[in-house]
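Working notes, structure below.
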Amino acid sequence: MALFDLSVEELHEYRSESAEPQDFDAFWSKTLQEAREHDLDARFERVETGLATVDVHDVTFAGYGGHPVKGWLKVPAGAEGPLPLVVEFIGYGGGRGLPHENLLWASTGRAHFVMDTRGQGSAWGGGGGTADPVGGAPSYPGFMTRGIDAPEHYYYRRVYTDAVRAVEAARSHPLTDASRTVALGSSQGGGITIAVGGLVPDLVAVAPDVPFLCDFPRAATLTDRHPYREIGLFLKTHRGRSQDALRTLSYFDGVHFAARGTAPALFSAALEDQTCPPSTVFAAFNAWAQEDKAIEVYDFNDHEGGGPYQEAAKVRWLRSYA
């Protein structure tokens, strides 16, 4: 697919038209307060994996509603800590995978926490094991319209809350240095990273790659590729509900979390990306409040973005922060 979105010059000037709800901060303050009424109950069980270079802990903690959420904590073998902490969030449909997957960050000498995404973990990779016990109103198959009838019911309210609690759980382990915590992820994981960057004020860095869940009004009308297309297919059946749906989505739009981002940030975008169009990525990047920010742009890539090149860029970049 050739370039289909704005030019690079236009991308740097683009600003989203997503309307921020007046009670955005109150909504999220209440949501997190309710979650913290449940004991975090973070449990770490050392597991034997056959890996010689990393030690792995099977993690369970209480996320939204006190529901159990799984994760992995991977640290360099024999590490005594405290170690800089990387908390990673996973792309759409994936789960925490198997312990031997994704050893990059522990191999850099950091503690690496991978959060399972509730209700997902069945589309690729080694899978996941965290249920989503909350039901909802009728939705289009997938996750984008689950509970879209109201912000209080929306699926990503639970996921973003899980993600904040994941940071708290990872920080509770004695091998991790809470003062040197980084959040990162790609695609859906990048969108979750942006949300965490807006909800957790003391991160030292964030690195969202080709982030999803940004600039919903543009994304839902610019691309016909899933997952954003789930929104259009829902509204194709539920005629006349566009404004209500966009109102719900506005509480979860990365653009609004970005406006609250206080940590240095390294974004990435791909100019042929139809899954997360570059203008939607730049909408969040341009809104990011911290002036210490940069974006890597991959001219001829689709949603794979920079792949291993971006991983190398993040390894270099993070040396200055954690």
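The values are calculated or read from the model by the stated rules, or taken from the named source; none is laboratory data. The shown structure was predicted, so the numbers you read here are calculated from the model rather than taken from an experiment. Reconstructed Cβ throughout: ideal geometry from the backbone, glycine too, with neighbour counts over all protein chains shown. For the accessible areas, the whole protein counts, side chains as well, though only heavy atoms, and no ligand, DNA or RNA atoms are used. Shrake-Rupley method; radii C 1.70, N 1.55, O 1.52, S 1.80 Å.
Looking only at residues of segment 95-115 that are in contact with a Gly (Cβ under 7 Å, 6 or more places away or on another chain) and free of Cβ contacts under 8 Å to residues at least 40 places away in the same chain, we find that the one that is nearest to H173 (Cα to Cα) is R96.
Just so you know, in segment 269-299 the residues that are open to solvent by 10 Å² or more (accessible area, probe 1.4 Å) and touching a residue at least 60 places away in the same chain (Cβ under 8 Å) include one that is farthest from I194 (Cα to Cα), and it is E272. Scanning segment 303-322 for residues that are out of contact with any Leu (no Cβ under 8 Å at 6 or more places or on another chain) and not in a helix (DSSP H, G or I) returns H303, E304, G305, G306, G307, R319, S320, Y321. Per the listing G190, G129, the residue uniquely of a type outside the set (D, E), modelled with pLDDT of 95 or more and under 27 Å from D41 (Cα atoms) is G190.
Quick one: would you say G121 is open to solvent by less than 40 Å² (accessible area, probe 1.4 Å), small (G, A, S), at pLDDT 95 or above and farther than 26 Å from L318 by Cα?
On the way: open to solvent by less than 40 Å² (accessible area, probe 1.4 Å): yes; small (G, A, S): yes; at pLDDT 95 or above: no; farther than 26 Å from L318 by Cα: yes.
In short, no.
Considering T181, T145, T161, the condition of being closer than 25 Å to E34 by Cα, open to solvent by less than 20 Å² (accessible area, probe 1.4 Å) and either among the charged types (D, E, K, R) or part of a loop (DSSP other than H, G, I, E, B) (or both) is satisfied by T145 alone.
Can you pull out the helices (runs of 4 or more DSSP H) entirely within segment 190-268 that have at least 3 residues that are buried (at least 23 other Cβ atoms within 10 Å of the Cβ)?
Values: elements: 216-222, 229-237, 242-250, 254-258.
Answer list for segment 190-268: 254-258.
Is it the case that R118 is in contact (Cβ under 8 Å) with a residue 24 or more places away in the chain, among the basic types (K, R) and part of a loop (DSSP other than H, G, I, E, B)?
Yes.
Among all residues of segment 187-206, there is at least one that is closer than 30 Å to L233 by Cα and touching an Asp or Glu at 6+ places or on another chain (Cβ under 6 Å). Considering segment 101-113, the residues that are closer than 29 Å to Y155 by Cα and not aliphatic (A, V, I, L, M) include one that is surrounded by the fewest Cβ atoms within 10 Å (Cβ to Cβ), namely E101.
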